[in-house]
1. Mind listing just one residue for me: the one in the range 11-20 that is surrounded by 10 or more Cβ atoms within 10 Å (Cβ to Cβ) and among the charged types (D, E, K, R) and, of those, farthest from Gln65 (Cα to Cα)?
2. I'd like to check something: does the range 31-38 contain any residue that is basic (Lys, Arg), modelled with pLDDT of 85 or more and within 22 Å of the chain's Cα centre (by Cα)?
3. Of everything in the range 30-65, what is open to solvent by 60 Å² or more (accessible area, probe 1.4 Å) and either in contact (Cβ under 8 Å) with a residue 60 or more places away in the chain or in contact with a helix residue (DSSP H, G or I) (Cβ under 7 Å, 6 or more places away or on another chain) (or both)? Give them in sequence order.
4. Looking for something in contact with a helix residue (DSSP H, G or I) (Cβ under 8 Å, 6 or more places away or on another chain) and modelled with pLDDT under 85 - is there at least one such residue anywhere in the range 7-24?
5. Across the range 39-50, what is the total count of residues that are under 18 Å from the mean Cα position of the chain (by Cα) and modelled with pLDDT of 90 or more?
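The values are calculated or read from the model by the stated rules, or taken from the named source; none is laboratory data. None of these values were measured; they are calculated from a predicted model. FYI the Cβ positions are ideal-geometry reconstructions off the backbone, even for glycines, and counts take in every protein chain you see. Ligands, DNA and RNA are excluded from the accessible area calculation, which covers all protein heavy atoms including side chains. Shrake-Rupley method; radii C 1.70, N 1.55, O 1.52, S 1.80 Å.
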Amino acid sequence: MPVALALRSAGHVDPSKEQFKQRSSVERVNAALKDSYGGHHLRVRGAAKVAYHLFFGIVALTVDQ
């Protein structure tokens, strides 16, 4: 019997599958931030201005959710 099958039948959850679920949700948020909330094309310069720009995009995304 393969080890993965034995672990599944014993009720063990594969940590890489859980990590993939979390990662895919983070990537969906990042994609939405870039596509719909101005994260793809920045028209400001400077670390502080970029941080504020992305912060307001995250706030808008949070309100929308």
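1. Only one residue fits best here, namely Asp14.
2. Yes, some residue in the range 31-38 is basic (Lys, Arg), modelled with pLDDT of 85 or more and within 22 Å of the chain's Cα centre (by Cα).
3. His40, Leu42, Ile58, listed by residue number.
4. First pass over the range 7-24, keeping only residues in contact with a helix residue (DSSP H, G or I) (Cβ under 8 Å, 6 or more places away or on another chain): 14.
Then keep just the ones that are modelled with pLDDT under 85; that gives 14.
Yes: the range 7-24 contains one or more residues that are in contact with a helix residue (DSSP H, G or I) (Cβ under 8 Å, 6 or more places away or on another chain) and modelled with pLDDT under 85.
5. Counting residues in the range 39-50 that are under 18 Å from the mean Cα position of the chain (by Cα) and modelled with pLDDT of 90 or more gives 0.
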